[in-house]
Structure formats: structure tokens, C-alpha cells
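Comments concern the structure below.
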């Protein structure tokens, strides 16, 4: 059975060919010392210096030349002693190196690392908190420059600092409350003398800002799935191509050209968006087209935003559009916004604009910028991202849980006779919810799930 004390090894560089490949080992100092003596007999290594060495197999044949770096505990990535072997980055070379490392280390208990195990050990050894550990994976997976910068800020502790600032305010107020619980006759005076309500105001003000920043960070990390729906030949594929800046979807005058959903990842204002072009929704006897329509409706169920397109140039489009919208809305998740977009404005002789609708031409570009701004606005995106950090869904859940307890705490403190015991308990629960973000109160099974999604070698 694997344990967190086993020495571990993995290829730390990405799969494929590269100029440099890295094999990383982590374990207790006694293991690292023993391994280096076995792999490089009669040799020694100065901490944090690059040493040029030959890497040999069990027969003494040279596998490759490269560098050896030694980082003694606790000043290493994992908090354990770490060794990195840097060779040329060919897949064959790295596999030969890894096999030899495992042969040498087998009798010392060395095993292949599990996904995310190096970073998990960094967390368990206090080198970083849980939100910082998650930021490592987010930085690697970032799809936009804004997401990468926000992940870097999270890794550097910006997210954690915000959590701890609010947590400290909550703890201070809770400490005052619990100190007075032994003197119930002083409850009213306590609320007034300690300015408890003003303290609560400051906590809620800080928390509201933090909550909004977290939602912005979640948009940067998760992106937004935008599904284009409408009757056949209303211009969904044309709009897909216009927003993508390339011909990712086939466009013809033949209704029903798009038989299956087409996806493409784009950026608008630094926000990652996944565009999903879908088959036109209509009644059909065509079995292939019917399958495409059902897949359209399945995509609708996963959408964050629906763009419902209507052909402005067609006299019958409005009636068809409403029929399409009615069918689509049966599959839309509650709360998902639907933007009604009238396309082909360049082909319409005249039209009267409806409130809260957009009028565009995917062909000429008319109204496209307004559509982009509408998309950002409707998902709650704000342009000022200088201090943003990334936030995951589990972070948002913990924040909403903390918010619920803060609301209850507010109610208890505002009573004519404040319920101090209930107030103290709600503040404790608020702090517990915040602690889940940085890993202070996170169960082991959640930790396992988080790190299992990391790449091997990190």
C-alpha cells in the first residue's frame, strides 16, 4: 500500500520531444543520500548547485550526459529532500533513465509518483496551503493570459491572504463574544461598547468584495459555454465563424447543413469562451438530422449562456423562432440567460427593434462588438482584473456556505436582545467554511480528489 512517506519519482516534463527532460525524486533525506551514493558511486553534490554528470545503466553504459540538482529538506518544492536529473528531452532517453532510477531505488522503496503527489506533499509539509496547491494545476492549465496571471497571483498567496484577512476579523469578533458569554447581564452593554455591529459591517463589506472577486476568478478559470440555437439557416454557423475569426463551421444556403454540434474555444476581453454551434431545431423525419437536434438539446442543458438566433430577413422567421425557443427552453437549466439575437440585419429592408434584443449581421460584422460586450456583461464580468485570483467551484461553494452563516450572524446580532451564543456559533461555522478553501478543514477524501486531477510529475 502506498503511503505519503514513500520515496517517489516521476518524469516532470511534458510528454513528447524537448530540449530538456527532467526526472524528479522526493523522499526523506536518508533515502536521497543513499540513492545518490548508489547512482553516482564515490560522488558528492553541493545543495542547489548544478553538477554535470554521466547517467549510466546497470551495465555501466552511458545513457546520457546531463545535470544533477540536489535540494535538501525542508527548502525544496515538496518540503522533503529532492533530486532532479536533467537530460535531453527525448521520450526514449527519459524512459531509459526512469527505468534505471527505479532499478537503483527499488530496494530503497522508491515508487512511481501518483498524479499530483509532489504538490500534495508540498501541501502536507506546509510548503503551501491548499488554494496555492490548486493554483499550480490552474497555472499549467490556463488557456488565456488573464487566467495565467490570476493563477500566478493565487500561487503567490493573494487568494489565501484575502481568506485569512476575513477569517481574522471573524475570529476577533467571535473571541469578544465568547469572552462575554460568562457575563450574560452585560450583553447589551457589550454590543454597544465593543462596537460589535460596526465590526460586523466591516466583515460583511470585506466579504462582499471578496465574494465578487471570487466569482470573477471563477469565470477566468472555468470559462463560459455559449450555445448557439435557432431554426435551420438563421446564420448560427456564420456567427460561429465570425466570433471565432476563422471558418470552423461549414456555411451553405442549404437548411440543415449543420447536423452535429461544433465547438471552438475563443477569447473575448481575456475571458475564455467555448462556442457551440448546433443543428437547427425543427420538426424532421430525417433520422440523422433528428439525432443532431437531440444533441443540440443536450448541449443546451450544459450551457452557461444561450444565443437564440432569428433570421431578421425572413417573414416567417419570428414564428419559427418562437417555436424553436419554446422547444429549447424546456431543456435550459434554471437561471441560464437567453439572449435573443436577430441576424441578417443587412438583408432586412426595415425592422423595428425590440427591447433587450440584439440586431446583428454575421456577414458584415454589424452589431458583433455589442454582442461581445453583452456576453461579458450577462455573465457578470468586470474589466478590472489587476488583483484577480482564480477560484474553483469548490471555493465558490465554501464562500456561499460562509455567506449563509454570516447572514444568520447578522440577524442574531441585530436582535433587540442579541443571541450571543448563536452569534458565536455562526461565526465559528463561517470560519470553518473559509478554512476549507485553504485546506485547514478539508477532509482527506476531498484532498485525494483534488490532487488526482493533477498531471503526474507535479
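The values are calculated or read from the model by the stated rules, or taken from the named source; none is laboratory data. These figures come from a predicted structure and were not determined experimentally. All Cβ positions, even for glycine, are placed from backbone atoms using ideal geometry, and neighbour counts span all protein chains on display.
Evaluate the following for residue 102: is it more than 29 Å from residue 58 (Cβ to Cβ), touching a residue at least 40 places away in the same chain (Cβ under 8 Å) and surrounded by fewer than 21 Cβ atoms within 10 Å (Cβ to Cβ)? Criteria not met by residue 102. Return the residues of the stretch 441-458 that are without any contact (Cβ under 8 Å) to a residue 12 or more places away in the chain and in a loop (DSSP other than H, G, I, E, B); say none if nothing qualifies. 441, 443, listed by residue number. Filtering 76, 87 for residues that are outside any strand (DSSP E or B), in contact (Cβ under 8 Å) with a residue 24 or more places away in the chain and in contact with a strand residue (DSSP E or B) (Cβ under 6 Å, 6 or more places away or on another chain) leaves a single hit, 76. Of the numbered criteria (1) in contact (Cβ under 8 Å) with a residue 60 or more places away in the chain; (2) over 36 Å from the mean Cα position of the chain (by Cα), the one residue 64 fails is (1).
Checking every residue in the stretch 437-454 against the condition of being surrounded by 13 or more Cβ atoms within 10 Å (Cβ to Cβ), modelled with pLDDT of 90 or more, closer than 29 Å to residue 178 by Cβ and not assigned by TED's automatic domain parsing to the domain that holds residue 13 gives at least one match.
Which residue out of 365, 321 is within 19 Å of residue 240 (Cα to Cα) and modelled with pLDDT under 75?
321
Considering each residue of the stretch 280-296 in turn, none proves to be under 24 Å from the mean Cα position of the chain (by Cα) and either on the phi < 0 side of the Ramachandran plot or at pLDDT 80 or above (or both). Output the residues belonging to the stretch 350-359 that are touching a residue at least 12 places away in the same chain (Cβ under 8 Å) and either out of contact with any helix residue (DSSP H, G or I) (no Cβ under 6 Å at 6 or more places or on another chain) or over 19 Å from residue 268 (Cα atoms) (or both). Across the stretch 350-359, the qualifying residues are 351, 354, 356, 357, 359.
Scanning the stretch 194-239 for residues that are more than 30 Å from residue 396 (Cα to Cα), assigned to a helix (DSSP H, G or I) and either assigned by TED's automatic domain parsing to the domain that holds residue 399 or at pLDDT below 85 (or both) gives 236, 237. No other residue among 40, 55, 45, 35 is in contact (Cβ under 8 Å) with a residue 24 or more places away in the chain, assigned by TED's automatic domain parsing to the domain that holds residue 116 and out of contact with any helix residue (DSSP H, G or I) (no Cβ under 9 Å at 6 or more places or on another chain) apart from 40. Do we have any residue at all in the stretch 43-62 that's closer than 19 Å to residue 116 by Cβ and surrounded by 12 or more Cβ atoms within 10 Å (Cβ to Cβ)? Scanning the stretch 43-62 turns up no residue that is closer than 19 Å to residue 116 by Cβ and surrounded by 12 or more Cβ atoms within 10 Å (Cβ to Cβ). Buried (at least 17 other Cβ atoms within 10 Å of the Cβ) and over 21 Å from residue 440 (Cβ atoms): is that true of residue 149 in this structure? The answer is yes for residue 149.
Within the stretch 1-29, can you find the residues that are touching a residue at least 60 places away in the same chain (Cβ under 8 Å), more than 21 Å from residue 94 (Cβ to Cβ) and exposed (fewer than 14 other Cβ atoms within 10 Å of the Cβ)? Scanning the stretch 1-29 gives 2, 4.
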